[in-house]
Amino acid sequence: MNIFIILFTTFSLLFAESFVNLSHAKIDDIEKFLKNLDPKSKIELEVLDLVRHGDKRSAAFLLSLLQTDSHTDDKQLENLLVHPKSFSVIVVSKNEQKLKLIYGKNGFIRTIEIPCITGKRQGDKLEAGDKKTPNGVYFPKWFIPQEKLNKIYGVGAFPLNYPNIIDKKIYHKTGDGIWLHATNDDKRKPFSSNGCVVVTNKNFTKIKPFVIPKKTPIVIVDDFSYVDKKNFENTKLSLGYFLYHWKKSWEQSVNGKYKDYIDCYSDHLISRYGDKKSFTEYKKQVAQGKKWIKLTLKNLYVTKDGRVLDYGHIYVASFDMDYRSNNYKWHGKKILYIIKENGKWKILAEENL
(Lines give C-alpha, C1' and ligand atoms only; values in the text may rest on other atoms or scores of the structure.)
Protein backbone atom coordinates (compact mmCIF):
# COMPACT_ATOMS: atom_id res chain seq x y z
CA MET A 1 0.00 0.00 0.00
CA ASN A 2 1.22 3.51 -0.82
CA ILE A 3 2.97 5.06 2.22
CA PHE A 4 0.99 8.28 1.86
CA ILE A 5 -2.32 6.37 2.05
CA ILE A 6 -1.10 4.60 5.18
CA LEU A 7 -0.08 7.89 6.77
CA PHE A 8 -3.33 9.58 5.82
CA THR A 9 -5.34 6.81 7.46
CA THR A 10 -3.09 6.57 10.53
CA PHE A 11 -2.96 10.30 11.22
CA SER A 12 -6.72 10.62 10.68
CA LEU A 13 -7.32 8.05 13.38
CA LEU A 14 -4.72 9.57 15.69
CA PHE A 15 -6.26 13.01 15.62
CA ALA A 16 -9.93 12.16 15.03
CA GLU A 17 -10.90 12.50 18.68
CA SER A 18 -9.12 15.85 19.00
CA PHE A 19 -10.86 17.28 15.95
CA VAL A 20 -14.28 16.10 17.11
CA ASN A 21 -13.77 18.07 20.30
CA LEU A 22 -12.39 21.06 18.41
CA SER A 23 -15.33 21.23 16.03
CA HIS A 24 -17.38 22.80 18.82
CA ALA A 25 -14.64 25.18 19.94
CA LYS A 26 -14.01 28.76 18.96
CA ILE A 27 -11.53 29.54 16.20
CA ASP A 28 -9.06 31.05 18.66
CA ASP A 29 -9.25 27.87 20.76
CA ILE A 30 -8.40 25.84 17.65
CA GLU A 31 -5.46 28.11 16.87
CA LYS A 32 -4.25 27.82 20.48
CA PHE A 33 -4.51 24.03 20.28
CA LEU A 34 -2.48 23.92 17.08
CA LYS A 35 0.11 26.36 18.44
CA ASN A 36 0.68 24.21 21.53
CA LEU A 37 1.15 20.95 19.65
CA ASP A 38 4.55 19.32 20.02
CA PRO A 39 6.82 19.42 16.94
CA LYS A 40 6.10 15.81 15.97
CA SER A 41 2.34 16.34 15.98
CA LYS A 42 2.68 19.55 13.96
CA ILE A 43 4.66 17.72 11.31
CA GLU A 44 2.18 14.82 11.21
CA LEU A 45 -0.75 17.19 10.74
CA GLU A 46 1.10 19.12 8.05
CA VAL A 47 1.91 15.88 6.20
CA LEU A 48 -1.75 14.93 6.36
CA ASP A 49 -2.76 18.25 4.82
CA LEU A 50 -0.05 18.08 2.15
CA VAL A 51 -1.11 14.60 1.10
CA ARG A 52 -4.72 15.73 0.96
CA HIS A 53 -3.69 18.50 -1.44
CA GLY A 54 -1.47 16.22 -3.53
CA ASP A 55 1.87 17.81 -2.56
CA LYS A 56 3.78 14.57 -2.10
CA ARG A 57 7.21 16.20 -2.51
CA SER A 58 6.73 18.52 0.47
CA ALA A 59 5.16 15.67 2.45
CA ALA A 60 8.22 13.50 1.77
CA PHE A 61 10.50 16.31 2.98
CA LEU A 62 8.66 16.46 6.32
CA LEU A 63 8.43 12.68 6.61
CA SER A 64 12.20 12.44 6.36
CA LEU A 65 12.42 14.41 9.62
CA LEU A 66 10.33 11.78 11.41
CA GLN A 67 12.76 9.00 10.53
CA THR A 68 14.99 8.04 13.46
CA ASP A 69 18.50 6.65 13.33
CA SER A 70 19.45 3.27 14.75
CA HIS A 71 20.94 4.81 17.92
CA THR A 72 21.03 2.64 21.04
CA ASP A 73 22.73 5.11 23.38
CA ASP A 74 20.68 7.21 25.80
CA LYS A 75 22.71 10.28 24.88
CA GLN A 76 22.79 11.75 21.37
CA LEU A 77 25.57 13.78 19.77
CA GLU A 78 23.71 17.04 19.16
CA ASN A 79 26.41 18.49 16.92
CA LEU A 80 24.58 16.56 14.17
CA LEU A 81 20.78 16.81 14.24
CA VAL A 82 19.50 16.25 10.69
CA HIS A 83 21.13 14.50 7.77
CA PRO A 84 20.19 12.85 4.44
CA LYS A 85 19.70 9.09 4.13
CA SER A 86 23.24 8.74 2.80
CA PHE A 87 25.56 11.16 4.54
CA SER A 88 28.92 11.93 6.13
CA VAL A 89 29.83 14.52 8.78
CA ILE A 90 33.05 15.27 10.63
CA VAL A 91 33.00 16.58 14.20
CA VAL A 92 36.28 17.72 15.76
CA SER A 93 36.82 18.15 19.50
CA LYS A 94 39.78 20.44 20.07
CA ASN A 95 40.02 19.72 23.79
CA GLU A 96 40.03 15.95 23.28
CA GLN A 97 42.16 16.13 20.11
CA LYS A 98 39.76 13.68 18.47
CA LEU A 99 37.90 13.60 15.18
CA LYS A 100 34.65 11.70 14.66
CA LEU A 101 33.65 10.74 11.14
CA ILE A 102 29.93 9.91 11.26
CA TYR A 103 28.46 8.36 8.16
CA GLY A 104 25.56 6.17 7.22
CA LYS A 105 22.88 5.04 4.86
CA ASN A 106 19.16 4.39 5.36
CA GLY A 107 19.25 4.93 9.11
CA PHE A 108 22.26 2.75 9.90
CA ILE A 109 24.97 4.90 11.44
CA ARG A 110 28.67 4.24 11.70
CA THR A 111 31.32 6.27 13.53
CA ILE A 112 35.09 6.28 13.05
CA GLU A 113 37.02 8.05 15.81
CA ILE A 114 40.64 9.00 15.22
CA PRO A 115 43.24 11.28 16.87
CA CYS A 116 43.71 14.72 15.36
CA ILE A 117 45.87 17.79 15.91
CA THR A 118 44.69 21.39 16.16
CA GLY A 119 46.30 24.79 16.83
CA LYS A 120 49.28 25.41 19.07
CA ARG A 121 47.26 27.97 20.99
CA GLN A 122 43.88 26.97 22.42
CA GLY A 123 40.67 28.98 22.12
CA ASP A 124 38.74 30.23 19.12
CA LYS A 125 40.68 31.72 16.22
CA LEU A 126 40.34 35.52 16.02
CA GLU A 127 43.03 36.84 13.71
CA ALA A 128 45.60 35.87 11.13
CA GLY A 129 48.70 34.24 12.59
CA ASP A 130 47.29 33.56 16.07
CA LYS A 131 47.93 29.79 15.62
CA LYS A 132 44.41 28.92 16.81
CA THR A 133 41.88 26.62 15.19
CA PRO A 134 38.50 28.29 14.56
CA ASN A 135 35.29 27.03 16.14
CA GLY A 136 32.33 26.75 13.80
CA VAL A 137 30.71 24.75 11.01
CA TYR A 138 32.71 24.72 7.79
CA PHE A 139 32.71 22.99 4.43
CA PRO A 140 35.58 21.64 2.29
CA LYS A 141 35.90 23.78 -0.84
CA TRP A 142 37.94 21.33 -2.91
CA PHE A 143 40.62 18.63 -2.64
CA ILE A 144 44.34 19.26 -3.21
CA PRO A 145 46.31 16.09 -4.09
CA GLN A 146 49.74 15.26 -2.70
CA GLU A 147 51.64 16.16 -5.88
CA LYS A 148 50.47 19.78 -5.62
CA LEU A 149 51.40 20.19 -1.96
CA ASN A 150 54.45 20.83 0.17
CA LYS A 151 55.64 17.66 1.95
CA ILE A 152 54.38 18.90 5.34
CA TYR A 153 50.76 18.42 4.16
CA GLY A 154 51.16 14.69 3.58
CA VAL A 155 48.93 12.85 1.12
CA GLY A 156 46.29 15.54 0.66
CA ALA A 157 44.32 18.51 1.95
CA PHE A 158 40.83 20.00 1.97
CA PRO A 159 40.77 23.82 2.29
CA LEU A 160 37.77 24.95 4.38
CA ASN A 161 35.50 27.96 3.83
CA TYR A 162 36.90 29.86 6.81
CA PRO A 163 36.06 32.66 7.46
CA ASN A 164 32.31 32.29 6.91
CA ILE A 165 29.77 35.12 7.17
CA ILE A 166 29.39 34.66 10.96
CA ASP A 167 33.16 34.83 11.43
CA LYS A 168 33.48 38.00 9.34
CA LYS A 169 30.39 39.97 10.29
CA ILE A 170 29.81 39.04 13.96
CA TYR A 171 33.21 37.99 15.30
CA HIS A 172 35.19 40.26 12.92
CA LYS A 173 37.76 37.53 12.41
CA THR A 174 40.68 37.75 10.02
CA GLY A 175 42.96 35.18 8.44
CA ASP A 176 42.34 32.28 6.08
CA GLY A 177 44.06 29.08 4.99
CA ILE A 178 42.38 26.74 7.48
CA TRP A 179 42.57 23.21 6.10
CA LEU A 180 41.84 19.63 7.00
CA HIS A 181 45.05 17.94 5.91
CA ALA A 182 47.39 15.01 6.41
CA THR A 183 50.89 14.82 7.87
CA ASN A 184 53.90 12.61 7.16
CA ASP A 185 54.86 12.68 10.84
CA ASP A 186 53.08 9.80 12.60
CA LYS A 187 54.50 10.95 15.95
CA ARG A 188 53.49 14.58 15.68
CA LYS A 189 52.40 15.98 19.04
CA PRO A 190 48.88 17.23 19.88
CA PHE A 191 48.21 20.97 19.69
CA SER A 192 51.02 21.53 17.18
CA SER A 193 49.37 22.95 14.05
CA ASN A 194 49.22 26.59 12.98
CA GLY A 195 45.40 26.42 13.04
CA CYS A 196 44.56 23.57 10.68
CA VAL A 197 43.01 20.22 11.62
CA VAL A 198 45.65 17.57 10.99
CA VAL A 199 45.55 13.74 10.89
CA THR A 200 48.12 11.12 9.92
CA ASN A 201 48.44 9.99 6.31
CA LYS A 202 46.89 6.64 7.20
CA ASN A 203 43.86 8.22 8.84
CA PHE A 204 43.48 10.84 6.13
CA THR A 205 43.33 8.06 3.53
CA LYS A 206 40.67 6.37 5.65
CA ILE A 207 38.37 9.41 5.88
CA LYS A 208 39.05 10.98 2.45
CA PRO A 209 36.34 9.03 0.53
CA PHE A 210 33.69 10.42 2.89
CA VAL A 211 34.71 14.09 2.61
CA ILE A 212 32.74 15.59 -0.28
CA PRO A 213 33.59 19.19 -1.31
CA LYS A 214 30.76 21.67 -0.64
CA LYS A 215 28.65 18.95 0.97
CA THR A 216 30.27 17.37 4.04
CA PRO A 217 29.91 19.60 7.14
CA ILE A 218 33.04 19.83 9.29
CA VAL A 219 32.00 20.88 12.79
CA ILE A 220 34.85 22.20 14.96
CA VAL A 221 34.05 22.55 18.67
CA ASP A 222 35.84 22.61 21.99
CA ASP A 223 33.97 19.52 23.23
CA PHE A 224 31.52 17.04 21.76
CA SER A 225 28.01 17.93 22.93
CA TYR A 226 25.52 15.25 24.06
CA VAL A 227 21.84 15.49 25.07
CA ASP A 228 19.12 12.98 25.97
CA LYS A 229 16.96 11.53 23.21
CA LYS A 230 13.86 13.57 24.02
CA ASN A 231 15.64 16.93 23.81
CA PHE A 232 17.49 15.78 20.71
CA GLU A 233 14.28 14.83 18.89
CA ASN A 234 12.42 17.97 19.94
CA THR A 235 15.20 20.25 18.70
CA LYS A 236 15.59 18.26 15.49
CA LEU A 237 11.87 18.29 14.67
CA SER A 238 11.24 21.93 15.61
CA LEU A 239 14.19 23.09 13.50
CA GLY A 240 13.08 20.89 10.62
CA TYR A 241 9.55 22.26 10.79
CA PHE A 242 10.92 25.82 10.90
CA LEU A 243 12.88 25.16 7.69
CA TYR A 244 9.75 23.83 6.04
CA HIS A 245 7.85 26.96 7.15
CA TRP A 246 10.66 29.17 5.77
CA LYS A 247 10.50 27.36 2.42
CA LYS A 248 6.70 27.54 2.28
CA SER A 249 6.56 31.23 3.25
CA TRP A 250 9.16 32.10 0.61
CA GLU A 251 7.10 30.30 -2.04
CA GLN A 252 4.04 32.27 -0.92
CA SER A 253 5.81 35.65 -0.80
CA VAL A 254 4.45 36.75 -4.20
CA ASN A 255 1.72 39.37 -4.63
CA GLY A 256 2.73 41.28 -1.51
CA LYS A 257 2.41 38.28 0.84
CA TYR A 258 5.95 38.46 2.19
CA LYS A 259 5.34 39.13 5.93
CA ASP A 260 5.55 35.47 7.03
CA TYR A 261 8.74 35.07 5.01
CA ILE A 262 10.41 38.16 6.52
CA ASP A 263 9.32 37.02 9.99
CA CYS A 264 11.59 34.00 9.58
CA TYR A 265 14.60 36.32 9.88
CA SER A 266 16.21 37.71 13.03
CA ASP A 267 16.09 41.39 13.95
CA HIS A 268 19.90 41.10 14.00
CA LEU A 269 20.00 39.72 10.43
CA ILE A 270 23.26 39.83 8.50
CA SER A 271 22.94 39.58 4.73
CA ARG A 272 24.72 40.66 1.57
CA TYR A 273 21.96 43.26 1.20
CA GLY A 274 22.67 44.79 4.63
CA ASP A 275 20.55 44.70 7.79
CA LYS A 276 16.99 43.38 8.10
CA LYS A 277 15.44 46.64 6.87
CA SER A 278 17.58 46.62 3.72
CA PHE A 279 16.96 42.90 3.24
CA THR A 280 13.20 43.45 3.54
CA GLU A 281 13.20 46.28 0.99
CA TYR A 282 15.17 44.17 -1.47
CA LYS A 283 12.85 41.20 -1.09
CA LYS A 284 9.77 43.43 -1.51
CA GLN A 285 11.16 44.73 -4.80
CA VAL A 286 11.97 41.24 -6.05
CA ALA A 287 8.51 39.95 -5.09
CA GLN A 288 6.85 42.55 -7.30
CA GLY A 289 8.01 40.74 -10.41
CA LYS A 290 7.06 37.27 -9.21
CA LYS A 291 3.96 35.38 -10.24
CA TRP A 292 5.10 32.14 -8.65
CA ILE A 293 8.10 30.68 -6.77
CA LYS A 294 9.01 27.02 -6.28
CA LEU A 295 11.82 25.71 -4.06
CA THR A 296 13.24 22.21 -3.81
CA LEU A 297 15.57 21.37 -0.90
CA LYS A 298 17.77 18.28 -1.01
CA ASN A 299 20.57 16.78 1.08
CA LEU A 300 19.60 18.68 4.22
CA TYR A 301 22.01 18.80 7.15
CA VAL A 302 21.42 20.60 10.42
CA THR A 303 24.46 20.87 12.69
CA LYS A 304 25.13 22.69 15.94
CA ASP A 305 27.89 25.26 16.15
CA GLY A 306 29.69 25.10 19.49
CA ARG A 307 29.71 28.88 19.93
CA VAL A 308 27.12 30.80 21.91
CA LEU A 309 26.11 34.34 20.93
CA ASP A 310 24.14 36.82 23.03
CA TYR A 311 21.08 35.42 21.23
CA GLY A 312 21.95 31.79 22.03
CA HIS A 313 23.40 28.77 20.22
CA ILE A 314 23.97 28.82 16.48
CA TYR A 315 22.54 26.00 14.35
CA VAL A 316 23.61 25.60 10.74
CA ALA A 317 21.30 24.26 8.02
CA SER A 318 22.95 23.40 4.71
CA PHE A 319 21.27 21.96 1.64
CA ASP A 320 21.21 21.88 -2.15
CA MET A 321 18.51 24.25 -3.35
CA ASP A 322 16.70 24.56 -6.67
CA TYR A 323 14.98 27.93 -6.99
CA ARG A 324 12.52 28.45 -9.83
CA SER A 325 10.18 31.33 -10.55
CA ASN A 326 8.45 32.82 -13.56
CA ASN A 327 11.56 34.92 -14.35
CA TYR A 328 14.59 33.35 -12.62
CA LYS A 329 16.29 30.00 -11.93
CA TRP A 330 19.12 29.16 -9.53
CA HIS A 331 20.75 25.99 -8.21
CA GLY A 332 23.43 25.81 -5.53
CA LYS A 333 24.42 25.22 -1.92
CA LYS A 334 22.50 27.30 0.62
CA ILE A 335 23.66 27.79 4.22
CA LEU A 336 21.42 29.24 6.94
CA TYR A 337 22.67 30.23 10.40
CA ILE A 338 19.76 29.87 12.83
CA ILE A 339 19.25 31.07 16.39
CA LYS A 340 16.38 31.16 18.86
CA GLU A 341 15.09 34.69 19.39
CA ASN A 342 12.37 35.29 21.99
CA GLY A 343 11.58 31.58 21.95
CA LYS A 344 11.26 31.34 18.15
CA TRP A 345 13.67 30.08 15.52
CA LYS A 346 15.07 32.88 13.37
CA ILE A 347 17.65 33.09 10.58
CA LEU A 348 20.59 35.21 11.72
CA ALA A 349 22.55 34.99 8.44
CA GLU A 350 22.59 33.17 5.14
CA GLU A 351 25.11 32.63 2.38
CA ASN A 352 25.68 30.54 -0.73
CA LEU A 353 28.67 28.26 -1.12
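The values are calculated or read from the model by the stated rules, or taken from the named source; none is laboratory data. None of the values given here were measured: they were computed from a predicted structure. Cβ atoms come from the backbone with ideal geometry, glycine included; neighbour counts cover every protein chain shown. Note: accessible area is taken over every heavy atom of the protein model, side chains too, but ligands, DNA and RNA are not part of it. Shrake-Rupley method; radii C 1.70, N 1.55, O 1.52, S 1.80 Å.
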Per residue, how big is the convex hull around the C-alpha atoms of the chain? Give it to me in cubic angstrom, could you?
159 Å³
Out of VAL197, VAL89, VAL254, any idea which swings most in a Gaussian network model of the chain, alpha carbons joined below 10 Å?
VAL254
With +1 on the Cβ of every Lys and Arg and -1 on the Cβ of every Asp and Glu, and nothing else charged, how large is the dipole of the chain about its Cα centre, in debye rounded to the nearest 20?
1160 debye
For the stretch 235-284 and the stretch 129-189, what is the centre-to-centre distance using only Cα atoms, to the nearest Å?
32 Å
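Can you check how the C-alpha radius of gyration of the stretch 228-352 compares to 2.2 N^0.38 Å, as a plain ratio? Working shown, then result.
Details: Rg = 14.6 Å, N = 125, 2.2 N^0.38 = 13.8 Å.
My calculation over the Cα atoms of the stretch 228-352 gives 1.06.
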Starting from the Cα of LYS100, draw a straight line to each of the lysines and keep only those under 17 Å, dropping any in the same chain fewer than 8 residues away.
LYS75, LYS202, LYS206, LYS208, LYS215, LYS304
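Compute the accessible area per residue over the chain, keeping the other protein chains in place, probe 1.4 Å, unit Å².
Numbers: 18020 Å² over 353 residues.
The answer is 51 Å² per residue.
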Taking the convex hull of Cα positions in the stretch 136-198, its mean projected area over all directions (nm²)
4.6 nm²
Of the accessible area of the chain, with the probe set at 1.4 angstrom, what percent is carbon plus sulfur?
51 percent
For the stretch 77-226, what number results from the quotient of the Cα radius of gyration and 2.2 N^0.38 Å?
0.98
Label model pair TRP292, LYS277: point-to-point distance (7 angstrom along the Cα→beta-carbon line) in nm is 3.7 nm
